[in-house]
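Take a look at the structure set out below.
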Amino acid sequence: MVKKRLPVGIENFEEIRTDDYYYVDKTEMIKELLLRRGKVNLFTRPRRFGKSLNMSMLKYFLETGCDKKLFDGLAIMQETVLCQKYMGKFPVIAVSLKGVEAGNFDVARSLAIKVINEEARRLYFLLDSPRLSRADTRLFSLLLDENMTDSTLYCSLRELSELLRKHYGEKVIILIDEYDVPLAKANENGYYDQMIHLIRNLFEQALKTNDSLYFAVLTGCLRVSKESIFTGLNNPSIFSITDEDCDSCFGFTDTEVRNMLTYYDLADKYETIREWYDGYCFGDADIYCPWDVVNYVNKLLVKRTLPPQDYWSNTSSNEIVHRFVEKLGKGLTKSEIEALVAGETVTKEIQEDLTYNRIYDSIENIWSVLFTTGYLTQRGTSDGRSYRLAIPNMEIRNIFKNQIMNQFRENVAKDGETLGKFCDALQTGNAAEVERLFTQYLEKTISIRDTFVKRATKENFYHGILLGILGFKGDWFVKSNQESGDGYSDIMIKIEDKNIGIVIEVKYAENAEYASACRSALEQITEKGYAKEFEEDGSCVIYLYGIACYKKKCMVMAKKENF
């Protein structure tokens, strides 16, 4: 049987339903929204959790002329009364602000105008509406103009809704996807105040002083402070990641992932996918990142042995994690970040109402942004504001790990004296000095304990620290996990100008059994023939190192071989 294709990167509901793509039914959101909606409704979720697809789904369900066949076999069709009342009954304005990002305000403003132009072109039939006056059609023509004035831009959504109401005789539903992207990009590029002014005026006209509005739905990552852009709105309904309402409407549930894997004959990959892409807690729901699951399953259909990949973090700069790690010693303790990367929790008070120009002002704000943007998730709350925060899964843990290692490498580069002593000791076989200096480095850095999942990878942290140190010896040729002899060595170093070869094998010293772990490492180098490459190259001196590590201490043993 030919399987349905997976909708990688497709956010259009109609395309998924008509072009035979696999669809995870999220139409339950329609019911929950309609039963709990306010005049203005805001859904906040991290990026890549299906916000745009759900907004497309709402548009195709609510808009006049709805193709009901798109929803055949989906959960919402069981809600007969709701379908009769809402399905295909309303004019809809649907815009996305995710593309309004630029290096300066003038270009960003032009992009915002393009968004309005595009939606006006979709509704071009209004120019021929017998229910619109000449004045109305002239007003509509201004919405097609790419050089529209500020006043036209500010009033564009309200005026478009007025024209639609006149044409259809029904109030209008406004859908605004990724409403806060322009604010995030403006903050990064130094024109935040100008963009706040634009967005505030646009929203105030469309959502506050608009008699043609039936209701509105917005999505975004952050719940931007009401005082910032939602001034004057009467209690917008918020559906955030801490709310139980609609908690499973974005992202995949465990059942949905299991069903997908069964459909594609990949049920044996369940545990791997759960470890890497599950772990988010929205309200009471346990949620997987759908972007990751769809991408990885799609790749597994080509290569079943493909290890888990990092999909989510590659769609952003991860600047917030970088800023977080930089706060070490400035409100952030080493024990807190070590606990997080070890899979433990840290209890913090969360402020969900933020403004983008203040997110880096304090470590408290950064904790809140990490939580609301999906880098951290909750494992319970004590008082509704203080949450037990945790890194959700292996993929996000790797983001933290990489940022920590990057910071370590930056610090090593600044410590030239110690770096020089360490490398001198390493190339002369001075095991005691290597041990002393490596322990010193371990004590300085943040420990990344590989206890997040139960796997035999505890050497990886120490391996990474060594590579971080050695990476700054530009005249040394360093290879990591290089195939050699009968197996794979941890680190091999060639110092060509001195005809020296170095082989390092790192072991984790269970129960602090340092000496036996060192001996085991040296024996492995000999038994596997890791040094054979250096012998063939004619290196005169070869140093073999067995390094045993436990927590922030180590033992080093060395052997010298001459050829």
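Just so you know, the Rg over Rh for segment 177-305 is 1.11, from Cα atoms, with Rh as the Kirkwood radius. Pairs spanning more than 24 Å between alpha-carbon atoms, out of Lys89/Lys114; Lys507/Lys552; Lys98/Lys348; Lys69/Lys89: Lys89/Lys114; Lys98/Lys348. Taking every Cα-Cα distance in segment 63-139 and sorting them into 10 Å bins from zero, the calculated P(r) comes out as 15, 29, 27, 23, 6 percent. According to the calculation over all Cα-Cα pairs in segment 329-398, the P(r) per 10 Å bin from zero is 20, 55, 25, 0 %. Stokes-Einstein diffusion for segment 9-103, with the hydrodynamic radius set to the Kirkwood value over Cα pairs and evaluated at 37 °C in a medium of 0.692 mPa s, equals 229 µm²/s. The distance from the alpha carbon centre of segment 374-443 to that of segment 117-137 is 60 Å, rounded to a whole number.
Across the accessible surface of segment 46-129, with the other protein chains kept in place and a 1.4 Å probe, carbon and sulfur atoms take up 51 percent. Here segment 297-344 is treated as a Stokes sphere of Kirkwood radius computed over C-alpha pairs; at 4 °C and 1.567 mPa s its diffusion coefficient rounds to 96 µm²/s.
Taking one quarter of the surface of the C-alpha convex hull of segment 360-431 gives a mean projected area of 7.9 nm². With the convex hull drawn around the C-alpha atoms of segment 471-560, the volume per residue stands at 92 Å³. Tell me the angle of helix 459-470 to the major Cα principal axis of the chain, expressed in degrees between 0 and 90 and rounded to the nearest ten. For helix 459-470, the angle is close to 80 degrees. Evaluate the Debye formula for segment 1-53 with equal point scatterers sitting on the alpha carbons, no solvent, and hand back log10 of I(q)/I(0) at q = 0.15 Å⁻¹, in q order, two decimals. One equal scatterer on each Cα of segment 1-53 leads to -0.55.
Here r is the Cβ-Cβ distance between Asp25 and Asn481 and R0 is 45 Å; the resulting FRET efficiency, rounded to 0.05, is 0.55.
Straight-line cross-link partners of Lys494 among the lysines, defined as a Cα under 17 Å from its Cα and at least 8 positions apart when in the same chain: Lys473, Lys479, Lys532, Lys559, Lys560. Summed over all non-identical Cα pairs, the Kirkwood treatment of segment 133-193 gives a radius of 13.6 Å. Entry comment: accessible area of the chain is 43 Å² per residue, from protein heavy atoms only and a probe of 1.4 Å.
Kirkwood radius and radius of gyration were both taken over the C-alpha atoms of segment 322-478, and their ratio Rg/Rh is 1.04.
Database remark: amide H of Glu352 closer than 5 angstrom to no amide H (H placed geometrically; neighbours at sequence offset of 5 or more, or on other chains; Pro and chain starts carry no H). Over the Cα atoms of the chain, the radius of gyration divided by the Kirkwood radius equals 1.07; this is the Rg/Rh ratio. Computed over the chain, relative contact order equals 11 percent, with contacts defined as Cα pairs under 8 Å that lie 6+ residues apart.
The Cα atoms of segment 229-368 define a convex hull whose projected area, averaged across directions, is 10.8 nm².
The values are calculated or read from the model by the stated rules, or taken from the named source; none is laboratory data. Computed from a prediction, not measured in an experiment: that's the story for all the values here. Every residue, glycine among them, receives a Cβ derived from its backbone with ideal geometry; neighbour counts consider all protein chains shown. These accessible areas exclude ligands, DNA and RNA; they are computed on the full protein's heavy atoms, side chains included. Shrake-Rupley method; radii C 1.70, N 1.55, O 1.52, S 1.80 Å.
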